[in-house]
Amino acid sequence: MSVQSVNPNADLIGSRHALMLNIGAAKSLAKIVETNLGPRGTMKMLVSGAGAIKITKDGKVLLDEMHIQHPTAAIIARTATAQDNITGDGTTSNVLFTGELLKQAERYLTEGLHPRVIVQGFEAAREETLKYLEEYKSEQKEFSRELLSQVASSSVRTKVNPELAEHLTQIVVDSVLAVKREDMIDLHMVEIMHMRHRSALDTKFIDGLVLDHGARHPNMRKDSSNCAILILNVSLEYEKSEVNSTFKFSTPEERKALVAAERKVTDDRVRKVIALKKQIIDNNPDSKFDHFIVINQKGIDPISLDMLQKEDMVGIRRAKKRNMERLARACGGYSINSVEDMQPECLGFAKRVYEHVLGEDKFTFVEGCPKKSSCTILLRGPNDHTIRQVKDAVRDGLRAVKNVFEDKCLVPGGGAFELSAHLHLTNFKNEVSGRAKLGIQAFADALLVIPKTLAVNSGFDAQDTLIALLEAAAEEAAEEGKSTVGLDIQSGEPTFPGKAGIWDSFSVKKQFLHLGSLIAIKLLLVDEIMRAGRKMGKN
């Protein structure tokens, strides 16, 4: 009670109660997300205070959107979402593993075992499991399209229905291959656009860009082929002077001359753009270009648009900065900051540029780009929550495929690694002396939460399925030295996930083992919870 003698207003939860409070919070959070795990997991409907609906089974979205009040549960949620930020997946598994570790520890704590002894076992088990993961992973020298599709499908199927997952899988693989440069993959070059239109199965991959605006002149071409793309960062509109100024004239002719002089600077810039178009298209019969498209980051005023339209040119104004970089990388050429610098070499090329109008929104599609370093995924859906769900699935699929190229290895899914690691730790326990064995056994048992939850979510009996899996895994481990047996969620029988094309990311497993056990260890070593901080705004 030393804290209360120092601060009489402090709230204190002591020793055993603090530990049980933390364990209870971890178990409750795990209980919330456990039904979401795997392809057959169920959905959660989140309703905001304003009545907005979000239907999801993505662990990160769920933990981000839930207003978690309990401090322990909030720590676990933040740790799990950190895993998603690092690797793009594994949030639900992380929460389940942390909850199960504390649940297994509770068995020994109620018998009087000190938390420090369990922590020693957990730490030894974690190091051994991470070493075993390095041996267990399946090294890959080359990644065929079929293998990448299997990886993407394994990730996307856990978020959306199988029919949609199959459709999104090919889109995800096409997108990553489009932006891959040697060993570097920049997912920022994959633009994700959405249109509230048709169904989610109409989502498509576009080998180019989609700009969320169109030409501002009604008579400009809506569809152009073999286009020269001029990427501008130059103002083509009349700008008022920064200081107050007045015109003084005595005759109508003087006024006309003053107005013409005021427009001259802008008109000269537009004429230089038109001159470039004439040089490469009108005066060059052998030109590969048929039409000229101006995409400007700054404004183009109505008079300038009219001048461009009269020359059969398309002008698109106020393009987003991120699209300017993607345009240059996809179409070739480079951005121009002054009309004095314009040369034919600065132009990019696109096979087709066309406009699509949806309600009051206009979209410009730039397709057939020669340099495949940028692409767009156009999401479609009948309502906002469908689009959000598809967007979350696509993001996870992109990260899963990217992880494969970075890790250069894979791990069989379906709970195969967890079963094999459980058997390995059970053998490793015999090499350790003392009470740390109990912590290693608790860690080994906690790993089984993944195959057990997959079985329950698929509608099978947890005990029968787990016993069958462990027997099959032990039999293969005795013959081959390691087990690759996992759960077939269709039949509930043991299977070989690697042969079935079900894969997990190595980096996701590594982070899941590290972060899940780390937060469990920290919480086990908490013996008091104090609310004695200074209140904000008061002395």
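Read the figures in this text as sums done on the coordinates, not as results from a lab. What you are looking at is a predicted structure, and each value in this text was computed from that prediction instead of being measured. Note: ideal-geometry Cβ built from the backbone for every residue, glycine included; neighbour counts use all protein chains shown.
Go ahead and collect, in residue order, the members of the range 285-308 whose backbone nitrogen is under 15 Å from a label point 7 Å along the Cα-Cβ direction of Met193. Flagged as within label range: 295-296. Cut-off 13 Å, label point 7 angstrom out along Cα-to-Cβ of Arg318: give me the residues of the range 261-278 whose amide nitrogen falls inside. Label zone hits: none. Summing +1 for each Lys or Arg and -1 for each Asp or Glu among the other residues whose beta-carbon sits under 10 angstrom from that of Pro302 gives -2. Expressed as a fraction of 2.2 N^0.38 Å, the C-alpha radius of gyration for the chain is 1.27. When Rg and the Kirkwood radius Rh are both evaluated on Cα atoms of the range 28-158, their ratio Rg/Rh stands at 1.04.
In plain terms, the chain from Asp290 to Arg263 could stretch by 6.7 nm, reckoned as 0.36 nm per residue minus the Cα-Cα distance. Computed extension gain for Asn383 through Cys409, at 0.36 nm per residue and net of the alpha carbon distance, reaches 5.6 nm. Dividing the radius of gyration of the alpha carbons in the range 437-478 by their Kirkwood radius gives 1.03 for Rg/Rh. If you model the range 208-371 as an ellipsoid using its alpha carbon gyration tensor, with each semi-axis the square root of five times an eigenvalue, the axes come out at 30, 18, 15 Å, biggest first. Projecting the Cα atoms of Ile303, Leu46, Ile521 onto the charge dipole of the chain (Cβ charges, centred on the Cα centre) puts Ile303 farthest toward the positive pole. In the chain, taking the dipole from charged Cβ atoms about the Cα centre, the farthest positive-side position among Phe97, Leu148, Val357 is held by Val357.
A straight chain from Glu127 to Tyr354 at 0.36 nm per residue would run longer than the Cα-Cα distance by 76.1 nm. Among Leu379, Leu148, the order by Cβ neighbours within 10 angstrom, fewest to most, reads Leu148, Leu379. Tell me, which longest segment in the chain has none of the GluC sites (Glu not before Pro) that fall in DSSP loops with at most 13 further Cβ atoms within 10 Å? Answer from the scan: 361-527. The helix-only estimate of mean residue ellipticity at 222 nm for the chain, built from DSSP H runs of length n ≥ 4 each weighted as -39500 (n - 2.57), is -16000 deg cm²/dmol after division by the residue total.
As a proxy for reagent exposure, ranking Lys429, Lys298, Lys60 by other Cβ atoms within 10 Å from fewest up yields Lys298, Lys429, Lys60. Can you give the net charge of the other residues whose Cβ lies under 13 Å from the Cβ of Ile467, counting K and R as +1 and D and E as -1? Overall, the nearby charge balance is -4. Normalising the average separation of contacting C-alpha pairs (under 8 angstrom, six or more residues apart) by the number of residues puts the relative contact order of the chain at 26 percent. Dipole size of the chain about its Cα centre, with +1 on Lys/Arg Cβ and -1 on Asp/Glu Cβ: approximately 1740 debye, rounded to the nearest 20. For the chain, the antiparallel share of DSSP beta bridges with both residues in that region comes to about 65%.
Footprinting exposure proxy ranking of Thr98, Thr484, Thr81, fewest other C-beta atoms within 10 angstrom first, gives Thr81, Thr484, Thr98. Please give the FRET efficiency for Lys372 paired with His70, using the beta carbon to beta carbon distance and R0 = 45 Å, rounded to the nearest 0.05. It comes to 0.40. For the range 11-126, a crude dipole built from +1 on the beta carbon of Lys and Arg and -1 on the beta carbon of Asp and Glu, taken about the Cα centre, is about 180 debye to the nearest 20. Quick one: if the Förster radius is 60 Å, what FRET efficiency do Glu134 and Arg271 give, using the C-beta to C-beta distance and rounding to 0.05? Efficiency at R0 = 60 Å is approximately 0.35.
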